[in-house]
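Worksheet: one structure, shown below.
The values are calculated or read from the model by the stated rules, or taken from the named source; none is laboratory data. Predicted, not measured: the structure shown is a model, and the values here were computed from it. All Cβ positions, glycine included, derive from the backbone under ideal geometry; neighbour counts span all protein chains shown. Quick note on the areas: whole protein, heavy atoms, side chains included, nothing else; ligands and nucleic acids left out. Shrake-Rupley method; radii C 1.70, N 1.55, O 1.52, S 1.80 Å.
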Amino acid sequence: MEKTNIVIDPSKCRMCLQCQIFCSLLHEDEANPSKARLVIEENTITFLDTCREKCSFCADYCAYGALTPAKASTGG
Amino acid sequence: MDYYGYAGSVLDLDLTSGESEVIPLESDWINNFIGGAGLSFRLFSKYHKPKVDPLSEENPIVLGVGPLLGSGAPFGSKLFAVTKFALPASEDGKHYITSAIGGFRRFGYMMKRAGFDHFIIRGKSSKPVYLHIKDGGVEVKDASPLMGLDVYETTERLLSLHPGSGVIANGPAGENLVRIALTIVDGVGTLGRGGLGAVLGSKNVKAIVAEGTGGIRVAHKKELFKRAKEIISLFTSQDILKSAQDLGAHVFWDMLYLKNMSSGIWTRERFNELYGVKTFLKSKKHSSTCISCPIGCKTHHQIPDGTWEGIEVKTTHFINTANMGQKLELEDHREALKLTDACNRAGVCMYTFSEMADYLTRLLNEGKITKEDLHGLDLQRNLESYLEFLDKLTKREGIGAVAADGWFALSEHLEYDARVHYKNTRGIVKGTDCIFDARFNRLDSAMLSEVVSPKGGFQAWGTIGGRLTAEDVPVVYNTSENENIGRLTAQAENVMMVLNSLGVCYVPLNTLSMFGYPLMKTLAEMYYIVTGIEVGVDELRLRGERAFNLYKMLNVREGFDRSDDRVPSVWLEPKEAVWGTVVLKTLYTKKVVDEQLMESIIDEYYRERGWDIEKGIPTPEKLRSLQLDFLL
C-alpha cells in the first residue's frame, strides 16, 4: 500500500530490521519480521495492505532516515 | 517453560552419530549465567575434557546468543562461540578456551527464531557437511560441492539455496586446519580469531546456516518502545553519533587511532594522508549494520580504480585495513583493501597474518634469515609477495605450513623467538599477537586484559573499564587520584561478561555511556524490560563474575596459571617511533611501567578477583562463594 504519512528513502536503509521488529511487536505481540506489515529488502521498502493507513510507528524507530514520519504517529 | 526474551531451548548435535536433541533451557542456568557467552561457557563445561586436542572430535563448539538479541533492544546483536581454540598458546602445547565474539545481521537472530539460544556441536562428521538449523531442529547436509570455495562464494551459494538465512562460512584456511583461520558471519562479521575455522574444519563442517520463522516475546513492550526511542533519538540528534553512522569506526580516526596506532615507519601526517578520512571516503561504498544497531559501524568499500578496480571489500572496520597497510608499508590503500579481501575470502585473521608477514619480511631484509628458511619464498615489501605468502598459508604449503601452526612453530623453525626478538610486534601473549601495543595506548584496563585474559592478545574484555562509574562498580579506580589498573581490569571484565551474556555490543553502549546513561543500570533495566526478570545491578555483576570465574577455571583445567599471564617483553622496552621514543606508562598517573610495577599491577588484579595471587587462579573458597562448587 502507499504510505502518505511516512517519507520513504530506501537508499538510506541499513537493514537493521528495527522497524519490522517493532511493527510486529506492536501489532502482533511478538518481535517477528515475518509478521511485520512492511517488507525490507535490498533497496526496497514495501508496506503491505495490512498496514494501518494512519500508523507510522515503525518510522519513529528508524535511525537512518529511511523512514521518516510525515507527522506524529498515532500508533495506528 | 515459556520465556520472554529467550528462545527457550538448546540444540545439541552429535556429528559422529548424526543425532540431535532439543534441550529446554533451565531457569537455573539463566539465574546463574544469564545467557550468551556466560551460558555458553556453562554448556561447554558439561562436555569439557581437559587437555584433549582442539582438533579432535572431543572438543565441542557452543554457539550462543543473548536474551536481548532480536527483541528490538538497541545493540543486542552479538553472537558467541566457545571452544578450545586451535592456536597453540604455550610452548608446552596448551590451548586456551575462550568465547569468540562476532555476529552481524542474520545468523544469531535466525538461530534464535528457529527456537535456540545455544547450539552445541560435538563429535566429527565422516564427510564434508554444512549444518542447517531450521525451526525446531537441525539437518546435516552434504557440503561436497562447497569444498574449496572461499568464504564469500560459500556464503553466496548457501544464500541462493536458503534465501534470507544467516550463514557462518568457513574458508579454505579452515578446511586446511590453519590455526589462525576464522569464520565470517553473514559475509561481514569475523568470528573466531585463534582458529575457530580450524576447529570447524576438523569436524568437517564447511558452514552453518540458520533459518527461523518464530518470534521473540517481550515482557514489557511499552517500556521497551519508550527506552528505544530515547536511545535512537540520541543517535539521530548528536553530531558525533550521526558522523559515526557515516564513517563507522573511522569517526575515531583522529582522536584515537592515528595517535595510538602510529607505530610504523610513517609520520602521523603521512599515515593520515594515506589512510585518513579522505582516503576512506574514496573507496567507501556504503555502511551496514548489525540487527537493532543505530550506528552501523561496518563499512563496505569498492576499489575505485587501478589494477583491482571494482573489487568490493567488506570490512568490519576500515581501521583494520589501515592498520594492515601501515604494518606492511603498503602506501596504496587500494592494495591494502585487496589484501583485506584476500584474507577474508581465505578465512584468515588479518591481524595475525599481517604481523607474521611483517615479521618474516623484516627478518629476511635484515639478513637474519634466508630465502631457504622460507622454503624459497622471496618475501618482499609488496602486495604480490604478501598475496603469495597468504596463498601458501591458506594451502599449508612451504613456509605457509609452518606459519599455519602459529607463532611458536614459526619461532622454532627460524630459531628466532618472535616474542623476544621481533621488535616490531605489538606483543605476543599466549601465542596470540596483541591487537594494540600498550606503549602507544598507555597501560589501562583494556591493555592489561591483553595480558591476564585467558585468551591473551585481545583487549576487548577490559575495554569498558574507562567508562565505569560509581553507579556501575563498588569502587572506581580510573581517575588520576585513584588509579589501580589491576583492580579496574577485574571489574571491567566482570561488566564485560554481563554485556557478553546479555548479547549486547560494547561499541555503541560505550558511546551511550558518554551521554550520561549509567552502564550497568541501563543493562539491568533492559534485561527486566525484555525478560521480566528483575535483577539489581549488584546481582547482575555477580553473575558476570561467576561466569568469568567459570571461564577462567576451564583454562586452569588446561594447565594455565600465573606463569602464562606474562606481559610481552617488548612492552617493557622503549619503542623508537618516527616522532621519538615511546615507553610504557600508566594511563592516568603516567607512571613509567617497569617489570616490578607490572608485577604489582598483576598482583592487584588477582587480589581484586579474590584469587590465589602466587598461582593466579581462583581459590576453592572463591569458587564456593560463587556457587561454582561443581568445579571443585
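Side notes on the structure shown:
- Listed here are the strands (runs of 3 or more DSSP E) enclosed by the stretch B:132-189 that have at least 2 residues being among the acidic types (D, E) and over 30 Å from B:M356 (Cα atoms): B:137-142.
- Among the conditions (1) touching a Pro at 6+ places or on another chain (Cβ under 6 Å); (2) surrounded by 24 or more Cβ atoms within 10 Å (Cβ to Cβ); (3) not acidic (D, E), the only one that B:L196 does not satisfy is (1).
- Subset of the stretch B:467-491 that is of a type in the set (D, E, K, R) and at pLDDT below 95 - its residue that is surrounded by the fewest Cβ atoms within 10 Å (Cβ to Cβ): B:E481
- All of A:L48, A:L67 fail the test of being within 12 Å of the chain's Cα centre (by Cα) and surrounded by 15 or more Cβ atoms within 10 Å (Cβ to Cβ), apart from A:L67.
- The set of residues from the stretch B:56-89 being open to solvent by 10 Å² or more (accessible area, probe 1.4 Å) and more than 15 Å from the chain's Cα centre (by Cα) comprises B:S56, B:E57, B:E58, B:P88.
- Candidate set: the stretch B:388-440, residues that are among the small types (G, A, S), within 19 Å of B:P568 (Cβ to Cβ) and touching a residue at least 24 places away in the same chain (Cβ under 8 Å); chosen: the one surrounded by the most Cβ atoms within 10 Å (Cβ to Cβ): B:A438
- Filter pass, B:D135 being more than 30 Å from B:P454 (Cα to Cα), surrounded by fewer than 20 Cβ atoms within 10 Å (Cβ to Cβ) and in contact with a Ser or Thr (Cβ under 8 Å, 6 or more places away or on another chain): yes
- Residues in the stretch A:27-38 that are more than 7 Å from chain B (Cβ to nearest Cβ) and open to solvent by less than 50 Å² (accessible area, probe 1.4 Å): A:H27, A:P33, A:A36, A:R37, A:L38.
Every residue, every condition in (1) within 28 Å of B:G400 (Cβ to Cβ); (2) open to solvent by 60 Å² or more (accessible area, probe 1.4 Å); (3) acidic (D, E), yes or no:
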site: B:R270; (1), (2), (3): no, yes, no
site: B:I291; (1), (2), (3): no, no, no
site: B:T315; (1), (2), (3): yes, no, no
site: B:A322; (1), (2), (3): yes, no, no
site: B:A342; (1), (2), (3): yes, no, no
site: B:N365; (1), (2), (3): yes, yes, no
site: B:L379; (1), (2), (3): yes, no, no
site: B:N382; (1), (2), (3): yes, no, no
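- Condition met for B:S40 (surrounded by fewer than 24 Cβ atoms within 10 Å (Cβ to Cβ) and polar (S, T, N, Q)): no
- Options B:H118, B:H95: the member that is more than 17 Å from B:G215 (Cβ to Cβ), in contact (Cβ under 8 Å) with a residue 40 or more places away in the chain, open to solvent by less than 10 Å² (accessible area, probe 1.4 Å) and not aliphatic (A, V, I, L, M): B:H118
- Pick from the stretch B:199-227, criterion more than 14 Å from every other protein chain (Cβ to nearest Cβ) and part of a helix (DSSP H, G or I), ranking: farthest from the chain's Cα centre (by Cα): B:S202
- Only one entry of B:N494, B:N510, B:N500 meets the criterion of being open to solvent by 10 Å² or more (accessible area, probe 1.4 Å) and either over 19 Å from the mean Cα position of the chain (by Cα) or within 24 Å of B:N320 (Cβ to Cβ) (or both), and that entry is B:N510.
- Residue within the stretch B:228-246 that is within 14 Å of chain A (Cβ to nearest Cβ), part of a loop (DSSP other than H, G, I, E, B), farther than 30 Å from B:K430 by Cβ and open to solvent by 20 Å² or more (accessible area, probe 1.4 Å) present: yes
Yes/no per residue for (1) in a loop (DSSP other than H, G, I, E, B); (2) more than 26 Å from B:A244 (Cα to Cα):
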residue: A:E2; (1), (2): yes, yes
residue: A:C16; (1), (2): yes, no
residue: A:S34; (1), (2): no, yes
residue: A:I45; (1), (2): no, no
residue: A:C51; (1), (2): yes, yes
residue: A:C55; (1), (2): yes, yes
residue: A:D60; (1), (2): no, no
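- Checking the stated criteria, B:V592 turns out not to satisfy the condition of being at pLDDT below 95, surrounded by fewer than 19 Cβ atoms within 10 Å (Cβ to Cβ) and out of contact with any helix residue (DSSP H, G or I) (no Cβ under 7 Å at 6 or more places or on another chain).
- Meets criteria (part of a helix (DSSP H, G or I), modelled with pLDDT of 95 or more and touching a helix residue (DSSP H, G or I) at 6+ places or on another chain (Cβ under 7 Å)) for B:L274: yes
- Those residues of the stretch B:372-410 which are β-branched (V, I, T) and under 26 Å from the mean Cα position of the chain (by Cα), in sequence order: B:T394, B:V402
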